Every structure is written in structure tokens, then in C-alpha cells.
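Engineer: The structure follows.
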Amino acid sequence: MKKRFVLSGYFGFKNFGDEAILSVLVKKLQNDGHRITIISSDPQYTKKQFRHIRSVYTFKFQDIIGAIAKSNILVSGGGSLLQDVTSLKSLIYYLLIIFIGLLLRKKVIIFAQGIGPIKSKIGQFLTKNILKHCNYVSVRDEKSLQLLNSWGIKADLLCDPIFSTQTDCTEKNNTLAIQLRDFKTMNDDFIDRLAQKVAQDFSDKDIEIYSFQDAIDKNICKKFEKALKMLKPEIKTTLYTGLTNDEIIQKLSKAQYLIAMRFHAIIIGLISRVKVLSINYDIKVEKISKEFGIPMVELNKEFGNQFEELKNENLDQINNIVQSKTFDWSGFNNVID
């Protein structure tokens, strides 16, 4: 039986990871013939990305309540929505959407989320007591699972949905891809050190610099390109901004090497048999780097031998771990059937 879904998440902000997760979810639901409404900060952008979907504005609660009231199932996810490190307001917003779904007696699914950190007592209380009433909860990391277990909430541990993305990784270009973003500990010293290392070790490569979310990434990417050109004016660089998700995946998957900050950039590299070096700015980056055994540099520490490790990565060994990452839809399907 065909159902109506409302999807809630960090959608419409043109953030690669969240939009890629949304693509996986929309494709799954549309293949099964379901109707979809997406809550988005930019409904026009979201409607352009997907055919035959409705979209309502993030803070137009009358439209949101109306869409949920007409739906069968509310899905909240993926990504790290339920945390108060970004802001307590953000956590309360996403919990409010879930609460509306529960209040209207709809089935509610928490989809492949990272839960926490939640530092405030009120945030912990609300999250715990709202999630207890959801029909199905799935998380993407062990720490989130342990937190929910400590609250007495049953959850499934799944891999990130982006591992189900199909990429064309047969032919590699003579390319080093670099994906950077702004962050509170990102500074000119790190950019200069990275530029020096790239100029020294990869001057024979075409350097592709990727801005995944222009509002956050673009200026840092420009600054890095400038630093690199000052060291080695003849080095070939291309700065990519404003790409669609499909264009990002297509281009990244053809790179020989990838230096990346964003979690989902790392995943695209891993599933595409690209040799990856991560830049650690968040615990999720540290976790995936350790799990796959890829080298990692810190923003505030000197480089060691990570770049030699990058060149010598065992892609077959990494690919064996990638092959074990099959996204499990069974719990999701059981709720919607």
C-alpha cells in the first residue's frame, strides 16, 4: 500500500552530506511508489532536486502541521540533528517536529542519526522522553547506540546511508582532490602547512579543490588555492563551487588521492577506491579514520608521516571493510509495511 511520508532534516542548506542522505531516502521511497513532502529551508531548491515531491518551509509550522496531518509516516534524519553543540534551539526544533508527529498519532522513524552530544539537562530530558515513543530508531555509530541503550531506548546500529551510493571508480585521473571547510580551529597556519606539503609532494598532480557547502567552504578553499599558487605558481588547480551532489560524486570518484575534512567526502573517497587522508575536526572523522585505517592529520598539530601513509594505502584492505557496509532497510521496512 502506498503511503505519504514527511521527511525532516537539515535539508535545503545545500550541504552535501545531508542532501546525499536525502537523495538515498527519496530514491528508496519513490522506487516503492510512496508520496513525499520534505521540510526544507529552501523549498524551491529542494523541489528542483527531486521530481514529484512537495516541500514546505522549515519555519512555516502551519504548512508543516498540515503536511504531517495528511501523512502516514514522519521520518527524522539522517545526520546529527539531535545534539545541542550547534545550539539548543536546533535540538528543540527537530524534537518539536518529532513531537508533532507523535501528537498527530503518526508513525515516527528516526533514520540513521548520530545522537548527541547533548550537554543540557533539558535537552537530555526532552530527547529521551520523545524518542521513547518513536516507532523505530536507527543510529549510525556505537556511541549513539550506547547513549540510547542507557536511556532504555531500543535502536538499530546501521552504517551511514551514503555507503549505498553507487560510484564509477574504474578510471582514475592524475588528480589530488582536496575538500576543506571552515571551522573554529581552522587557521592560516594550517592552510600554509597544507599548501607547502601539497606543493612539495603532489606538484605532479592536477589539484582539484572542492567546496561542498559554499556558505561555509568557499572562502577557505579560495584561501588555500591562493596559498598554493604563491608557493608554486605553475601548479594546476581547479576550484569547484556550486556543484550538484551527482557532479561532486562523479568527479571525486575519479581522483587518485583525496584530502578531506567532511565525513561524507571521506565516505565517497572510500567507496570509490580513492586513497584518502582525513583532516580531523570532529569525532565522527576520527572514528571513520580509525575504522578504515586511513591516515589523519590534526588542525593544530604538525604533520608527521601521514602523507607517505596516504601514498602507500592498501586499497584492497580498505575495500574489504567497505564491502561489509551494506545499509540494512529491514527495520525501516517493517514499520512502513
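Engineer: Only one of (1) in a strand (DSSP E or B); (2) of a type outside the set (S, T, N, Q); (3) over 15 Å from I100 (Cα atoms) is not met by V6, so which one is it?
Structural biologist: That leaves (3) as the condition not met.
Engineer: Please verify whether F11 is part of a loop (DSSP other than H, G, I, E, B) and open to solvent by less than 10 Å² (accessible area, probe 1.4 Å), treating the condition exactly as stated.
Structural biologist: Spelling it out, F11 is indeed part of a loop (DSSP other than H, G, I, E, B) and open to solvent by less than 10 Å² (accessible area, probe 1.4 Å).
Engineer: Starting from residues that are among the polar types (S, T, N, Q) and more than 23 Å from G242 (Cα to Cα), keep the ones in segment 175-205 and report whichever is most open to solvent (accessible area, probe 1.4 Å). Quick ask: steps written out before the conclusion?
Structural biologist: Of segment 175-205, the ones among the polar types (S, T, N, Q) are 175, 179, 185, 187, 196, 200, 203.
When the remaining residues are screened for being more than 23 Å from G242 (Cα to Cα), the result is 185, 187, 196, 200, 203.
Values: T185: 62, N187: 61, Q196: 101, Q200: 131, S203: 52 Å².
This residue is Q200.
Engineer: Does any residue in segment 24-51 that is closer than 10 Å to F11 by Cβ and hydroxyl-bearing (S, T, Y) come within less than 6 Å, Cβ to Cβ, of a residue that is open to solvent by less than 50 Å² (accessible area, probe 1.4 Å) and part of a helix (DSSP H, G or I) six or more places away or on a different chain, and which pairs are these?
Structural biologist: S40/T46
Engineer: Hey, another quick one. Would you be able to tell me the number of residues in segment 107-131 that are touching a residue at least 60 places away in the same chain (Cβ under 8 Å) and surrounded by fewer than 20 Cβ atoms within 10 Å (Cβ to Cβ)?
Structural biologist: Looking only at segment 107-131, we keep the residues that are touching a residue at least 60 places away in the same chain (Cβ under 8 Å), and these are 107, 109, 111-112, 114.
With the extra rule that they be surrounded by fewer than 20 Cβ atoms within 10 Å (Cβ to Cβ), the set shrinks to 107.
Of the residues in that region, 1 qualify.
Engineer: Pick out the one residue from I235, I178, I153, I191 that is more than 18 Å from K284 (Cα to Cα), at pLDDT 95 or above and part of a strand (DSSP E or B).
Structural biologist: Details: I235 fails: part of a strand (DSSP E or B); I153 fails: part of a strand (DSSP E or B); I191 fails: part of a strand (DSSP E or B).
After applying the criteria, what remains is I178.
Engineer: In segment 237-250, which residue that is in contact with an Asp or Glu (Cβ under 8 Å, 6 or more places away or on another chain) and surrounded by 13 or more Cβ atoms within 10 Å (Cβ to Cβ) is farthest from F212 (Cα to Cα)? Break it down into steps so the answer makes sense when it comes.
Structural biologist: Going through segment 237-250, the residues in contact with an Asp or Glu (Cβ under 8 Å, 6 or more places away or on another chain) turn out to be 237-242, 245, 250.
Keeping just the survivors that are surrounded by 13 or more Cβ atoms within 10 Å (Cβ to Cβ) gives 237-241, 245, 250.
Working: T237: 17, T238: 14, L239: 11, Y240: 9, T241: 7, N245: 9, Q250: 13 Å.
Across segment 237-250, the extreme among qualifying residues is T237.
Engineer: Being under 14 Å from the mean Cα position of the chain (by Cα), open to solvent by less than 30 Å² (accessible area, probe 1.4 Å) and either modelled with pLDDT of 95 or more or over 18 Å from F190 (Cβ atoms) (or both) is the requirement here; does F263 meet it? It would help to see each step written out before you state the result.
Structural biologist: Numbers: under 14 Å from the mean Cα position of the chain (by Cα): yes; open to solvent by less than 30 Å² (accessible area, probe 1.4 Å): yes; either modelled with pLDDT of 95 or more or over 18 Å from F190 (Cβ atoms) (or both): yes.
Criteria met by F263.
Engineer: Let me ask something else. For segment 271-297, give me the residue count where each residue is open to solvent by 10 Å² or more (accessible area, probe 1.4 Å) and under 20 Å from S203 (Cα atoms).
Structural biologist: 1
Engineer: When the residues of segment 148-161 are narrowed to those that are open to solvent by less than 50 Å² (accessible area, probe 1.4 Å) and without any contact (Cβ under 8 Å) to a residue 60 or more places away in the chain, which ends up farthest from S23 (Cα to Cα)?
Structural biologist: W151
Engineer: In segment 169-191, how many are touching an Asp or Glu at 6+ places or on another chain (Cβ under 8 Å) and without any contact (Cβ under 8 Å) to a residue 40 or more places away in the chain?
Structural biologist: Selection size over segment 169-191: 1.
Engineer: Can you work out which of the residues in segment 132-143 that are in a strand (DSSP E or B) and more than 23 Å from E291 (Cα to Cα) is most open to solvent (accessible area, probe 1.4 Å)? First the steps, then the outcome.
Structural biologist: The initial filter retains those residues of segment 132-143 that are in a strand (DSSP E or B), namely 136-139.
Right, trim to more than 23 Å from E291 (Cα to Cα) and you get 136-137.
Values: Y136: 27, V137: 7 Å².
So the residue we want is Y136.
Engineer: Let me ask something else about it. Considering only residues that are open to solvent by less than 60 Å² (accessible area, probe 1.4 Å), touching a residue at least 60 places away in the same chain (Cβ under 8 Å) and either at positive phi or β-branched (V, I, T) (or both), which ones fall in segment 298-328?
Structural biologist: V322
Engineer: Of a type in the set (A, V, I, L, M, F, W, C), out of contact with any Phe, Trp or Tyr (no Cβ under 9 Å at 6 or more places or on another chain) and surrounded by fewer than 23 Cβ atoms within 10 Å (Cβ to Cβ): is that true of A255 in this structure?
Structural biologist: No; evaluated as a whole, the condition is false for this residue.
Engineer: Considering only segment 242-271, how many residues are touching a helix residue (DSSP H, G or I) at 6+ places or on another chain (Cβ under 9 Å) and either among the hydroxyl-bearing types (S, T, Y) or more than 23 Å from F307 (Cβ to Cβ) (or both)? Explain how you work it out, then say what you get.
Structural biologist: First pass over segment 242-271, keeping only residues touching a helix residue (DSSP H, G or I) at 6+ places or on another chain (Cβ under 9 Å): 242-246, 248-249, 252-253, 255, 257-271.
Remaining after also requiring either among the hydroxyl-bearing types (S, T, Y) or more than 23 Å from F307 (Cβ to Cβ) (or both): 242-246, 248-249, 253, 257.
The qualifying residues number 9.
Engineer: For segment 31-52, what are the residues that are at pLDDT 95 or above and open to solvent by less than 30 Å² (accessible area, probe 1.4 Å)?
Structural biologist: H34, I36, T37, I38, I39, S40, P43, T46 - these are the residues of segment 31-52 that are at pLDDT 95 or above and open to solvent by less than 30 Å² (accessible area, probe 1.4 Å).
Engineer: Just one of S90, S76 is outside any loop (DSSP other than H, G, I, E, B) and open to solvent by 10 Å² or more (accessible area, probe 1.4 Å); which is it? Break it down into steps so the answer makes sense when it comes.
Structural biologist: Details: S76 fails: open to solvent by 10 Å² or more (accessible area, probe 1.4 Å).
Selected residue: S90, the only one of S90, S76 that is outside any loop (DSSP other than H, G, I, E, B) and open to solvent by 10 Å² or more (accessible area, probe 1.4 Å).
Engineer: Still on this structure, I have one more. Would you confirm whether any residue within segment 217-228 is in contact (Cβ under 8 Å) with a residue 24 or more places away in the chain, closer than 27 Å to E309 by Cα, part of a loop (DSSP other than H, G, I, E, B) and open to solvent by less than 30 Å² (accessible area, probe 1.4 Å)?
Structural biologist: From segment 217-228, those in contact (Cβ under 8 Å) with a residue 24 or more places away in the chain are 217, 219-221, 223-224, 227-228; that's our starting set.
After this cut, where a residue has to be closer than 27 Å to E309 by Cα as well, the list is 217, 220-221, 223-224, 227-228.
If we keep only those that are part of a loop (DSSP other than H, G, I, E, B) too, we end up with none.
For segment 217-228, residues in contact (Cβ under 8 Å) with a residue 24 or more places away in the chain, closer than 27 Å to E309 by Cα, part of a loop (DSSP other than H, G, I, E, B) and open to solvent by less than 30 Å² (accessible area, probe 1.4 Å): absent.
The values are calculated or read from the model by the stated rules, or taken from the named source; none is laboratory data. These numbers were taken from a predicted model, which means no experiment stands behind them. Cβ atoms come from the backbone with ideal geometry, glycine included; neighbour counts cover every protein chain shown. Protein only, heavy atoms only, side chains kept; ligands, DNA and RNA dropped before computing areas. Shrake-Rupley method; radii C 1.70, N 1.55, O 1.52, S 1.80 Å.
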